[in-house]
Each structure stands twice: as C-alpha cells, then as structure tokens.
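So the structure is just underneath, and the comments pick up after that.
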Amino acid sequence: MTRITIDPITRIEGHLRIDCEVENGKVTNAWSSGQMWRGIEVILKGRDPRDAWLFTQRICGVCTTVHAIVSVRAVENALDLEVPLNAQYIRNMIITAHGIHDHIVHFYQLAALDWVDIVSALSASPEGAAKLGATLSDYRRNSVPEIRQIQEKLKAFTGTGQLGVFASGYWGHPAMKLPPDVNLLAAAHYLQALEYQRIANRIVAILGAKTPHIQNLAVGGVANPINLDSQSTLTLERLFAIKAEIDKLGEFVNQAMIPDVAAVGALYADWTAHGAGVTDYLSVPDLPLDTKGTQFELPGGFVPKGDLSQFKPITSYQDGYFRDGVKESVKHAWYQYQGEEKALHPYEGQTNPHHTAFQDDGKYSWVKAPTFYDQRAQVGPLANVLAMVAAGHEPTKRHLNRVLEIASTVAGTPIPVTALHSTIGRIAARAVRCAVLLESLQNQWQLLVNNIAKGDFATFNRPVFPKGEIRGFGYHEAPRGVLSHWTVIENGKIKNYQAVVPSTWNAGPRDDNDAMGPYEASLVDNPVADAELPLEVLRTVHSFDPCLACAIHLVDSRKRSIVQVKAFG
Amino acid sequence: MRVIVLGLGNILLRDEGVGVRVVEALAERYILPAEIEAVDGGTVGMDLLDTLAGCDHLLICDAVQTGAPPASVGRLANAEVPALFQTRFSPHQLGLSEVLATLILMEEAPAAITLVGVVPVDMELGAELSPEVTAAVGLAVETLVTELQAIGFRLVPSVSPAGDDENFSFSLTPCLLPAWEEENFKIH
C-alpha cells in the first residue's frame, strides 16, 4: 500500500490537504483536511448586524459577493423584513453574473488543465481544431485564423521557458487522453474565457458600485437609487450597457463552453464511473421573485440517494425543513464543544479551537463536518441541477439535454442522466448551471426594467431592531453550493454568528458516525496510475471546485508559513 | 497613463490588512486625478483581472515580512515584485501572482510594478491595526505619494477635518455603516 499526501492542493484558495491510501492502482481510503482556520464568528460578536455583511465578504477572496448577500438575508430573516422587488432583482442580477463568472473561471482556468494537455495543443493543426469546432456549434470564434493566432501566442509564451499559469500542469501524463486538435480547441477557448469572465465581472461592478468588494448592499435592500435621469444612479443607459454585456456572455457560454464540456466529458466517458461519493444531494432555491422570499426563479431541495422521484423541495426563506436539518460535527475536526461532543445546530454553534496531531482515526481538519438530518450531503451545481430537474425546471432540463445529446454524439453511445453521479458529471452539471444562470440573468434584467417602468423606484426598507433576542438564517445557492449564515441577535447586537459554507459540506472530515465527507467518499476507488503523479486524485477533488478560504474556522497567523524575502532596497 | 494603487490584505487579521488601510487613507487624504484609481483588493485573486488589465503602472501596498524591524515601511520594484508574490506566504498573494501571470499571457500586464510594504506586528484575529502599524500608516501613504510623484503626479491634499500628520486620525473600525443608510431611502 502507498500513502499519498497532497498538501496543498494547488490552484485553489486556502490550504487543502488530501491523504489517500492506494493499493493496486486504486484509492482505498481518503482523508480531506483543511489546514488553516479563520474566525469570522469571533470578530462579529457584539457588532451591529447591519455591518455584518461588510465583514463576511472579507472571509474569502473568491466568494466576496456571496457572503455579503447571504449575510443581509440572515439579518432580514431575523427581523422578518421584506425586501423591495427592485432590490431583489438587482441582487439576483449580481448573484447570477457572479455565478457565471465563477463557473467560467472554474472550468477553463481551474479544472480544464486536469483534462486538456496544453503542451499537446502546441503541435495540433488549427485547421483540424476549427473543423472540429464547427461540428460542435456555430461559434464564430472557432475560425482557423483566430485559433492559429492563439496557438502562436501559446507557443511564444511557453517558448520563453516560463510556463507561468501552466507550470503546475501534468503535461504528457498517461491519463491525458485528448487528441491534439481537441486540446487546441479547448486551449483557444481557455484564452477567450479570460475575456468573457471579465465581462461577467463588469456586470457585478456596474450593479455593485465596485468590485471586488460590492458596496451596494444593505439590510433591507440595496443602495442603488433608481433615477432614470441622474448620472450617479442606476440609469437607463447603465441598464442597457448591462444588457449588451449579457448578450456577449450568452454567445460564449452556449456556443463554446457547453459544447466543450460535453465533448471533453464524452472523450473521458470512463470518468462517469468514478467519483460519485455521497449521493444525497442538498441545494436551496434562489433568485427570489417576491418581497418575502416565498417564490423563486430557481428551485432547490433535497435529493436522497440520487433518486429524483424522492425530491423534497425547500420552499421559502422561512423553510423549517432546511432550518431544522442542519448540524455541524466536530468529532474529527480540531474544535471542542463545551459539554457533550455531539453535532450542534448553527444557532448553538461554537468555535473553540482544539488542535492535535493529524490523527487518521481522530481529529484531522480545521473544517467541521455538516450533516442534514444526521446524514452527509453533497452540495454544488450537480446537487442543484438534479433538484431543478426533479422540480421540472424547464431551462435546466433543456440545457442538460443539450449537454447529454452532444456528449452522446461525440461518444457514439447514449449517455444517460445517471452519468452525472461522477467526477466528470460534476463538471458537466456546472456548465448546465452556468447556462441556466445566464437565462436567469436575462430574465431578472427584464423583470427589473418592467418593474421600474411601472413607476416603482423603491430599493430599501428600513430595518428596526427589537429589544430581546431574535434569530435568523439566510441561504444562497452559491457557485459551490449551499451557503448559509445563522445569527442570534440580542438588543440589536450580534450574539452568535455561524457560517456553514459549501466547502464545509463537501470538504468536511468524517462525522459523529465516522461517515466520510463528499470529497473523501468520492476518492475511494479512484484510479491512480502513478502514485508520484496523482493527477486522477486532483481531477476528482477539483471537480468540486474547492475553495477553502471560508470553510476553515480561524486563521492561526502564528503558525502560518511566512517566508523571509529580500530586504527592502 | 492609467495607474492603479492596489491595497492588498485581509482586514480581519489586523496588520495583514494594512495595505487596504493605507490605500484607503491615501484616497481620503489626497485628491486623486482621474488617471489614478485606488483599489481595495482585499484577498481577491482572479476577480482583479479586469481592473488590472492594461494599466501602465501598478502600485501595490501590502504587509510583507522582510526581516526589517516591525512596522517599518519600504519599497520593491519591478522584477522583485512578482518573485515576491510567487513565494507563497498567504492565499491572496498566490492569487495575485496568478493574475499577473495571466495578464502576461493576455499581453495586458502592467508596464511597471512597485510595491510599498509595511512589516506587520500583529496578525492575530481582529479588525484593527496594531498601534505600531497604525503609526506607520502616515509614512506608507507618503511613500506612495513619492512614488506617484516620481511618475509624474503631484497630488493635492484634500481639505480634510482629519488635520495634519500629527493628529492623523485613522479609522480603526473598518466597514462603518454608510451614511446613507441612516436615511430612509425610499423614493416616492
């Protein structure tokens, strides 16, 4: 038996350590460990709940927007405060544009390099790549001159001997199986994707007043005054500038990204048999369409054992089924609960660090282990796409069918929906969700414009905090899955605050029942051709889009590896 | 000419966030011409791509450990800067090195990069700077001003009730509630 330790998993934020035992070319046991801790809960105690979002958006460098949104939702929930329609639509547009940005970056800039061999792309024929592209879609940027130009650029870049962003790739690994022309087509889109993710970010910037940290939120609404004549507000001109950006994004997502993901998935069809892991799926509805959060554009809920017929929807911001189901276990995490060491509900949550050595059977991670009615659940775009299909959401079914049709054609054999329970399925589901978000962004834009046309300019309801204790939770279907913030407020000040984040659900260690978390379970039985170059392990871990900066509960600055650099000149 | 003054760091870890605080102070104390944009980069990575693309001069302020005495202020320029950020010493810096590498690939990398660093004293959990580093903020701001002057910008101080350097009152509580929120925002 060989033991592999990958620490840190590269191309992610934060420190994730994965340990695997490998026997006869397969993973037989796995541990997922967060190696840093953070303490947003500690910082927020005693503060004004209206300020919380400004702090929570700092817990992660990737997910600033999502932590801001869900924080105001949690406080609004505690106050039973309604949010004006315009504010919902503006928030929804920020959420969808951010999600599209994140999904494009994940596929092209983070995950694709596990599957696409950039070095092989250098020797491909631009004519062949363009011809292949034409069989997949009508994308206008699959032309021979554009692909040749990108290939020349890549050759010049890698020819300098500095691989830069490509330095961490496993080029020439035996598990890299795409023909050179496919590699080149994907590499061309890798470079184009850099332009399109910037467009998505620009939409967030226009609405959020700034990026990377949006400035326009408030408990009770948004700070975007709507006045169609004033320069400093959300004007008709700005709204139409946003519409033009949305249309550009649509071309890339529907004509490049969806076909790429489907084709790469089909050429790695063997990966539909690996990486299922935990198949109880949890997601939440998002994009509220009313002021109270009882109707949503995108459905969500629980899909037990991957069985769509048993889907149980989550239906409102007051949903008791979601609220009462969440707990966090620390049996295998570096924390101690006062009293009994049993999983706690987030309202009762505690953040008391208790570090030990890395113990395979004991504590080994700074990430807690969340459970839903005492069971582990996988979260993320796959969980959400399955829930939306189960709920009969038409755009999701349409985009999923398109991915499966293209993949079936390329593979030459029918690929069923059940293929989604896999490493490659998680990547495919993320592309489907990206296309769905794009349609939602268009819808939300139209809803906002229509509502303003009716003469409704309201964007904010003033919050009033009562004496005594109140509790609230907010949730958001973030790019990596279910994000929830839980707060207890006493006399207008924060008494407790817990963030249960997507990467906690997926990257968490074993729980009170010693059941593996989704990362761990998905790694068992993964093939590993070469224990020295465990590309296959990275493929499965990266398919979750790991982002640990927020999953971990305190940053111990004393133990951080601060290196000495050259003294000031 | 387009110049970005980028503050980096995690404001939840006291002095780790000094870069963000210095750039905030710069924007508060001086009138920045249209060519100069002050950016609060926090711990962000790829989200900065659009902001940094095609700028002529990137001026970064961040907490750096150099072996120099605590709370000292200094500068690094050009080739020294990317090398610094490739050495992993916190997640946000890894993010910036990827952004810079990606900008090179896109042929939109900044022509010049300068870093003004402040040596941290306390990076424990907390939203306030240490007293020593708070005292160094003024010097770091002036170092940025000198850098901007060297590339042709003579900044004019804003008329500010904060007073002179000696009495410079730096807001230790970040993220103050915006003033507008105290008003009823509903437009009838």
Completion exercise
Of the residues in the range B:111-126, those that are under 16 Å from the mean Cα position of the chain (by Cα) and either in a loop (DSSP other than H, G, I, E, B) or of a type in the set (Ser, Thr, Tyr) (or both) come to B:Thr114, B:Val119, B:Pro120
Exercise for the section: Return the residue satisfying two criteria in turn: it lies in the range A:410-453 and is more than 24 Å from A:Leu249 (Cβ to Cβ) and polar (S, T, N, Q), and of such residues it is surrounded by the most Cβ atoms within 10 Å (Cβ to Cβ). Expected result: A:Thr423
Exercise for the section: Taking A:Glu152 as the residue in question, decide whether it is surrounded by fewer than 22 Cβ atoms within 10 Å (Cβ to Cβ) and on the phi < 0 side of the Ramachandran plot. Expected result: yes
Handout entry: Checklist (1) assigned to a helix (DSSP H, G or I); (2) more than 14 Å from chain B (Cβ to nearest Cβ); (3) closer than 18 Å to A:Ala188 by Cβ applied to A:Asn92, failing item
Key = (3)
Fill in the blank from the handout: Selection from the range A:215-248 of residues over 19 Å from A:Gly455 (Cβ atoms), in a loop (DSSP other than H, G, I, E, B) and within 11 Å of another protein chain (Cβ to nearest Cβ) yields A:Gln215, A:Asn216, A:Val219, A:Gly220, A:Ala223
Problem - Residues of the range B:1-29 that turn out to be in contact (Cβ under 8 Å) with a residue 40 or more places away in the chain, among the small types (Gly, Ala, Ser) and closer than 23 Å to B:Ala53 by Cα, as a count - result: 3
Practice task
Name, by its number, the condition in (1) small (Gly, Ala, Ser); (2) touching a strand residue (DSSP E or B) at 6+ places or on another chain (Cβ under 7 Å); (3) without any contact (Cβ under 8 Å) to a residue 40 or more places away in the chain that does not hold for A:Gly220.
Solution key: (3)
Handout entry: From the options A:Asn77, A:Asn92, A:Asn29, residue that is surrounded by fewer than 22 Cβ atoms within 10 Å (Cβ to Cβ) and of a type in the set (S, T, N, Q)
Key = A:Asn29
Practice task
Name the residue, out of A:Arg38, A:Arg58, that is crowded, with 23+ Cβ neighbours inside 10 Å, touching a Leu at 6+ places or on another chain (Cβ under 6 Å), under 27 Å from A:Gly492 (Cα atoms) and at pLDDT below 80.
Solution key: A:Arg38
Practice task
Tell me which of these A:Leu554 doesn't satisfy, since it passes every other one: (1) modelled with pLDDT under 90; (2) under 24 Å from A:Glu348 (Cβ atoms); (3) surrounded by fewer than 24 Cβ atoms within 10 Å (Cβ to Cβ); (4) touching a Ser or Thr at 6+ places or on another chain (Cβ under 6 Å).
Solution key: (4)
Practice task
Run down A:Arg148, A:Arg141 and say which single residue is closer than 25 Å to A:Leu438 by Cα, modelled with pLDDT of 95 or more and not hydroxyl-bearing (Ser, Thr, Tyr).
Solution key: A:Arg141
Completion exercise
When B:Val20 is run through (1) outside any helix (DSSP H, G or I); (2) at pLDDT 90 or above; (3) within 16 Å of the chain's Cα centre (by Cα), the failure sits at (1)
Completion exercise
When the range B:33-43 is checked residue by residue, the ones that are out of contact with any Ser or Thr (no Cβ under 9 Å at 6 or more places or on another chain) and either more than 10 Å from chain A (Cβ to nearest Cβ) or part of a loop (DSSP other than H, G, I, E, B) (or both) are B:Pro33, B:Ala34, B:Glu35, B:Ile36, B:Ala38
Practice task
With the condition kept exactly as written, say whether any residue in the range A:201-211 is more than 13 Å from chain B (Cβ to nearest Cβ) and farther than 30 Å from A:Thr487 by Cα.
Solution key: no
Practice task
Please verify whether the range A:382-403 includes one or more residues that are charged (D, E, K, R) and buried (at least 23 other Cβ atoms within 10 Å of the Cβ).
Solution key: no
Practice task
Kindly indicate whether any position in the range A:247-267 is of a type outside the set (Asp, Glu), crowded, with 20+ Cβ neighbours inside 10 Å and closer than 30 Å to A:Ala458 by Cα.
Solution key: yes
Practice task
Mind counting the residues in the range A:319-366 that are part of a loop (DSSP other than H, G, I, E, B), aromatic (Phe, Trp, Tyr) and surrounded by fewer than 20 Cβ atoms within 10 Å (Cβ to Cβ)?
Solution key: 2
Handout entry: Hits in the range B:122-146 - residues which are closer than 22 Å to A:Phe55 by Cβ and either surrounded by fewer than 17 Cβ atoms within 10 Å (Cβ to Cβ) or touching a Pro at 6+ places or on another chain (Cβ under 6 Å) (or both)
Key = B:Glu124, B:Ala127, B:Pro131
Exercise for the section: Restrict the check to the range B:96-106 and report whether at least one residue is touching a Pro at 6+ places or on another chain (Cβ under 6 Å) and within 12 Å of another protein chain (Cβ to nearest Cβ). Expected result: yes
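Does A:Leu483 meet the test of being surrounded by fewer than 21 Cβ atoms within 10 Å (Cβ to Cβ) and under 22 Å from the mean Cα position of the chain (by Cα)?
No, not satisfied.
I'm trying to understand the selection: among the residues of the range A:495-518, which are β-branched (Val, Ile, Thr) and either in a strand (DSSP E or B) or surrounded by fewer than 24 Cβ atoms within 10 Å (Cβ to Cβ) (or both)?
A:Val500
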Fill in the blank from the handout: Note on the range A:46-89: residues of a type outside the set (Asp, Glu), within 11 Å of chain B (Cβ to nearest Cβ), more than 20 Å from B:Leu48 (Cβ to Cβ) and not in a helix (DSSP H, G or I) are A:Arg47, A:Pro84
Exercise for the section: For the range A:285-306, indicate whether the set of residues that are part of a helix (DSSP H, G or I), closer than 26 Å to A:Gln109 by Cβ and modelled with pLDDT of 95 or more is non-empty. Expected result: no
Exercise for the section: Scan the range B:44-62 residue by residue and report those that are away from chain A (no Cβ under 14 Å) and of a type outside the set (A, V, I, L, M, F, W, C). Expected result: B:Asp56, B:His57
Exercise for the section: Would you check if there is a residue in the range A:446-460 being away from chain B (no Cβ under 14 Å), modelled with pLDDT of 95 or more and under 26 Å from A:Lys305 (Cβ atoms)? Expected result: no
Exercise for the section: Output the qualifying pairs, or none if there are none: Cβ atoms under 6 angstrom, residues six or more apart or on different chains, first residue in the range A:346-357 and closer than 27 Å to A:Arg323 by Cα, second residue part of a helix (DSSP H, G or I) and of a type outside the set (Phe, Trp, Tyr). Expected result: A:Thr351/A:Glu41
Practice task
Sort out which residues of the range B:35-85 are more than 21 Å from A:Pro212 (Cβ to Cβ), surrounded by fewer than 22 Cβ atoms within 10 Å (Cβ to Cβ) and small (Gly, Ala, Ser), and write them in order of number.
Solution key: B:Gly67, B:Ala68, B:Ser72, B:Gly74, B:Ala77, B:Ala79, B:Ala83
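The values are calculated or read from the model by the stated rules, or taken from the named source; none is laboratory data. Owing to the predicted nature of the structure, the values given are computational and were not obtained by experimental measurement. Methodologically, a virtual Cβ is constructed for each residue, glycine included, from the backbone with ideal geometry; neighbour enumeration extends over all protein chains shown.
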